[in-house]
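Structure, as structure tokens:
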Amino acid sequence: MRLNFSRPAIALLAFLVAAPEVRALDLTLASDADIGKPNWTGFMINPYFGYETLKLNGPGAGYLRSPNGWRVGSAVGYDYQIPGSPIVVGTAAEAFFAWYEGGEKNFSGVKGRVYDFGDVRGRLGYAFGRFLVYGTGGYAYSDFEVKNTHLGTSDRQILNGWTAGVGIEWVYNKTFTLRGELDHTSYGSANFSSLPGQSSLSATLDAFKIEVVTRF
């Protein structure tokens, strides 16, 4: 299996390994008294892995099954809580290695593969108690390849699109928060010469993520 590591993903993982705050784990659940009034300002890192299905759309979807598989990666970001206000604004970048694969459908000898994908997004939230509810959205991309074994050809394209979601985050202690997030991502279409008639493909991904976020 060939792995294609994107530069953004490599940078994120290197930062994750290097950060001393991430390695110094404090797993003790803090009380409300220990937490006090949370301040959401600061940097954050949240690794993630999951198993999902990328839904293919467009004329080319008639030749390929929607690819599914595992992804692993991380996000880094920064939040800022407006002083004296419950409003939190932030930004984050995510990058993932992906092992999404889909075989032929109604046409023999073709298969699809997602190598990596990611996004750059903003965030707007409202803090109360130990909770933060928020909405998020921004630019997304996916690196998608189609192979045709009959012709001995392959065609690899970057699908550009957008992502949007909502989530809730809860303060576990002064280092970690727990997050649940529901995202919808839509990737724009591109023509693939390895498909009959150079058919176009687009894709969507719906995912619910549960994450442990390190804040510092």
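Nothing in this text is a laboratory measurement; each read-out follows from the coordinates by a stated rule. Quick caveat, the model's predicted, so the values are computed rather than measured. Here the Cβ is made from the backbone with ideal geometry for all residues, glycine too, and neighbour counts use every protein chain on show.
Summing -39500 (n - 2.57) over the DSSP H runs of n ≥ 4 in the chain and dividing by its residue number, what mean residue ellipticity at 222 nm do you reach, to the nearest 500 deg cm²/dmol? Numbers along the way, then the final one.
Numbers: 3 runs with 20 residues, N = 216.
Rounded to the nearest 500, it is -2000 deg cm²/dmol.
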(request) Take the Cα atoms of the chain, find their three principal axes, and give me the spread along each one in whole Å, biggest first. (result) 66, 30, 22
(request) Send over the Kirkwood Rh of region 26-147, from the inverse of the averaged 1/r over different Cα pairs, rounded to one decimal Å. (result) 17.1
(message) Report the Cα-based extents of region 83-138 along its three principal axes, largest first, to the nearest Å.
(response) 62, 17, 17
(request) Give the Debye-formula value of log10 I(q)/I(0) at each listed q (0.14, 0.18, 0.26 Å⁻¹), with one equal scatterer per alpha carbon of region 101-188, two decimals each. (result) -0.66, -0.84, -1.18
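Summing +1 for each Lys or Arg and -1 for each Asp or Glu, what net charge is found among the other residues whose Cβ lies under 13 Å from the Cβ of LEU178?
Working: positive: ARG130, ARG179, LYS209, ARG215; negative: GLU169, GLU181, GLU211.
Its environment carries a net charge of +1.
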(message) Using the Cα centre of the chain as the reference point, and only Cβ charges (+1 on K/R, -1 on D/E), how large is the resulting charge dipole? Debye, rounded to the nearest 20.
(response) 280
(request) Only Lys, Arg, Asp and Glu count, each charged at its Cβ (+1, +1, -1, -1), so figure out the dipole size of region 34-99 about its Cα centre, rounded to 20 debye. (result) 260
(message) Less than 16 Å apart at the alpha-carbon level, and either on another chain or at least 8 residues along: which lysines does that give for LYS147?
(response) LYS105, LYS111
(message) Using only the alpha-carbon atoms, how far is helix 7-18 inclined from the longest principal axis of the chain? Give it as 0 to 90 degrees, nearest 10.
(response) 30
(request) Under a cut-off of 16 Å between alpha-carbon atoms, report the lysines in cross-link reach of LYS37, not counting same-chain residues fewer than 8 places apart. (result) LYS174
